[in-house]
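Dropping the structure in here first, questions after.
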Amino acid sequence: METIWAVLAQFGLSILAAIAIFIIGSWVAKVISRFVKRLLSRRGLDSMLVAFVSTLVYYAILAFVIIAALNRIGIQTASFIAVLGAAGLAIGLALQGSLENFAAGVLMLIFRPFKVGDYIEGGGTAGLVQAISLFTTTLDTPDNRRVIVPNGKLNSDTITNFSANDTRRIDMVLGVSYDDNLDQVKQAILDVLNKDPRVLKDPAPMVGVLELADSSVNFAVRPWVQTADYWDVFFALYETLKIRMDAEGISIPYPQQDVHLLQQSQN
């Protein structure tokens with residue numbers, strides 16, 4: 001009986017120790033999780049990423065606490081850890097594509113190459129960013145189609161963010177006839193640009209001869225505008241420039257080719 005009571009006492013103490021380890025470990029996991037959450041929030045990270053990382057930290061610590069508690073009462077945890085590792089490997093291989101998208105989503109939420117409301121191009125499509133999740137990014141195209149892009153595809157491609165800067169340069173090409181006065185053309189273009197209040201004065205617009213093409217002298221027209229005004233100014237300037245060229249008597253030639261026929265005399 002003394003031996004039985006001694007074994008029971010020892011086993012009871014092990015159980016009490018395991019319970020104490022679990023209670024204290026759970027409390028420590030919550031404290032560390034809250035600390036990580038506050039730390040990430042102060043750094044301005046996305047709320048979704050903050051919640052995910054803090055939860056992941058909590059359950060990772062809790063897993064170690066459970067293993068320590070089981071080990072304290074004499075349960076061999078080596079085989080248990082091996083089974084969990086094998087199961088994790090199998091799940092990882094089965095969800096390889098999803099895990100790639102998840103990892104890409106975490107990286108994008110950390111480094112923030114774009115945010116909701118930006119107009120971007122990447123992953124084979126372009127559109128306005130509506131939502132960024134851990135697995136996908138939702139875009140609305142200019143013709144109002146909704147495209148769901150996997151984060152893995154988006155992160156592996158070149159991302160062009162058209163909304164990152166406050167100003168953008170419009171690159172236009174205007175062709176005129178070889179018979180037109182180039183100084184007159186340049187002055188007319190600059191006058192159109194200066195009269196549009198949406199065209200920025202600093203940096204100043206640039207106008208110059210781009211190339212001597214087959215059918216026309218092509219002018220490069222490079223005005224700077226606010227990013228929000230880009231497309232409105234883009235379309236308006238082409239229309240205004242055409243009207244101004246007509247008013248100045250400056251022709252915008254069609255593509256043409258001169259053909260010379262040589263008549264061979266017959267003896």
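Between Glu211 and Ile110, what is the FRET efficiency for a Förster distance of 41 Å, r being their Cβ-Cβ separation, to the nearest 0.05?
FRET efficiency, Glu211 to Ile110: 0.35.
Further question: Can you give the Rg to Rh ratio of the range 113-161, both from alpha-carbon atoms, with Rh computed by the Kirkwood formula?
Radius of gyration relative to Kirkwood radius: 0.90.
Working out 0.36 nm times the residue gap between His260 and Leu70, then minus their Cα-Cα distance, what length gain in nm do you get to one decimal?
Length gained between His260 and Leu70: 58.7 nm.
Taking loop as defined by DSSP and a crowding limit of 13 other beta carbons within 10 Å, which chymotrypsin sites (Phe, Trp or Tyr not before Pro) in the range 126-179 fit?
In loop regions of the range 126-179 (DSSP not H, G, I, E or B), the sparsely surrounded chymotrypsin sites (Phe, Trp or Tyr not before Pro) are Tyr178.
Taking the beta-carbon count within 10 Å as an exposure proxy, list Thr137, Thr125, Thr158, Thr55 from fewest neighbours to most.
Lowest to highest Cβ neighbour count: Thr158, Thr55, Thr125, Thr137.
Straight-line reach from Lys186: which lysines have Cα under 29 Å away, leaving out those fewer than 8 places along the same chain?
Straight-distance partners of Lys186: Lys195, Lys201, Lys242.
Right, next: Can you sort Lys30, Lys201 from fewest to most other Cβ atoms within 10 Å of each residue's own Cβ?
Lys201, Lys30
Continuing with this model, one more query. So for the range 113-161, averaging the separation of alpha carbon pairs under 8 Å that are six or more residues apart and normalising by length, what relative contact order in percent results?
Values: 91 pairs, mean separation 17.8, N = 49.
RCO, the range 113-161: 36 percent.
If the cut-off is a Cα-Cα distance under 23 Å, which lysines reach Lys37, setting aside same-chain residues fewer than 8 apart in sequence?
Lys115
Let me ask you something else. Kindly state, to the nearest 0.05, the FRET efficiency for Asn161 paired with Arg43, given R0 = 35 Å and r defined as their beta-carbon distance.
So the FRET efficiency works out to roughly 0.95.
What ranking do Trp27, Trp224 get, fewest neighbouring Cβ atoms within 10 angstrom at the top?
Details: Trp27 11, Trp224 18.
Lowest to highest Cβ neighbour count: Trp27, Trp224.
Here is a follow-up. Please work out the FRET efficiency for the pair Asp140 and Ile15, using the Cβ-Cβ distance as r and a Förster radius of 45 Å; give the result to the nearest 0.05.
Details: r = 58 Å, r/R0 = 1.30.
That pair, Asp140 with Ile15, gives E of 0.15.
Quick note: the coordinates plus some simple rules give every number you see, no bench work behind them. Worth saying up front: this structure is predicted, and the values here are computed from it rather than measured. Don't worry about glycine lacking a Cβ; one is built from the backbone with ideal geometry, like all the others, and counts go over all protein chains shown.
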